[in-house]
């Protein structure tokens with residue numbers, strides 16, 4: 001067990017942040033970096049003269065995708081109709097369907113369970129799940145737990161993490 005010096009909460013061994021207050025448990029010198037392979041990601045390239053050139057879907061049953069604006073990476077949305085979005089945290093019993101942790105979600109203010117996106121009767125609906133730093137569609141903050149219809153090309157921000165939603169033609 002690791003005891004948090006900030007709030008005295010007993011955390012699981014190996015935890016980097018306190019599950020109670022979020023304080024860093026391990027000093028920066030003790031952190032180990034690892035190389036992450038990006039071979040599986042396709043680079044997005046704009047062709048000259050194209051207004052909207054974006055990456056083909058890797059998943060054949062995808063109905064749409066989320067394009068992360070800072071990194072250019074693409075997260076396909078498969079045939080499943082509903083996804084929760086957030087970041088994984090040590091000791092968290094409920095995990096989001098789309099983990100944004102690899103995309104600096106913690107630093108961008110993404111909550112553990114931040115938002116939900118779902119496809120329903122030909123519409124795409126987005127809803128903030130009461131996140132701490134809010135969800136924005138085209139710069140307008142969503143009220144928590146109220147569904148909002150999103151359109152092809154809308155810019156969605158979970159805290160400061162921005163992405164564009166694109167739908168596959170059906």
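Number of residues in the range 3-19 that are part of a loop (DSSP other than H, G, I, E, B) and within 22 Å of the chain's Cα centre (by Cα) equals 4. Go through the residues of the range 78-93 one by one and say whether even a single one is within 15 Å of the chain's Cα centre (by Cα), more than 30 Å from residue 26 (Cα to Cα) and buried (at least 19 other Cβ atoms within 10 Å of the Cβ). No, because not a single residue in the range 78-93 is within 15 Å of the chain's Cα centre (by Cα), more than 30 Å from residue 26 (Cα to Cα) and buried (at least 19 other Cβ atoms within 10 Å of the Cβ).
Screening residue 156 against (1) under 19 Å from residue 71 (Cα atoms); (2) assigned to a loop (DSSP other than H, G, I, E, B) leaves a single unmet condition, (2). Can you name every residue in the range 52-69 that is surrounded by fewer than 16 Cβ atoms within 10 Å (Cβ to Cβ) and modelled with pLDDT under 90? Scanning the range 52-69 gives 52, 53, 54, 56, 58, 59, 60, 61. I'd like to check something: does the range 109-119 contain any residue that is over 12 Å from the mean Cα position of the chain (by Cα) and not assigned by TED's automatic domain parsing to the domain that holds residue 16? The answer is yes, given that some residue of the range 109-119 is over 12 Å from the mean Cα position of the chain (by Cα) and not assigned by TED's automatic domain parsing to the domain that holds residue 16.
The values are calculated or read from the model by the stated rules, or taken from the named source; none is laboratory data. The shown structure was predicted, so the numbers you read here are calculated from the model rather than taken from an experiment. All Cβ positions, glycine included, derive from the backbone under ideal geometry; neighbour counts span all protein chains shown.
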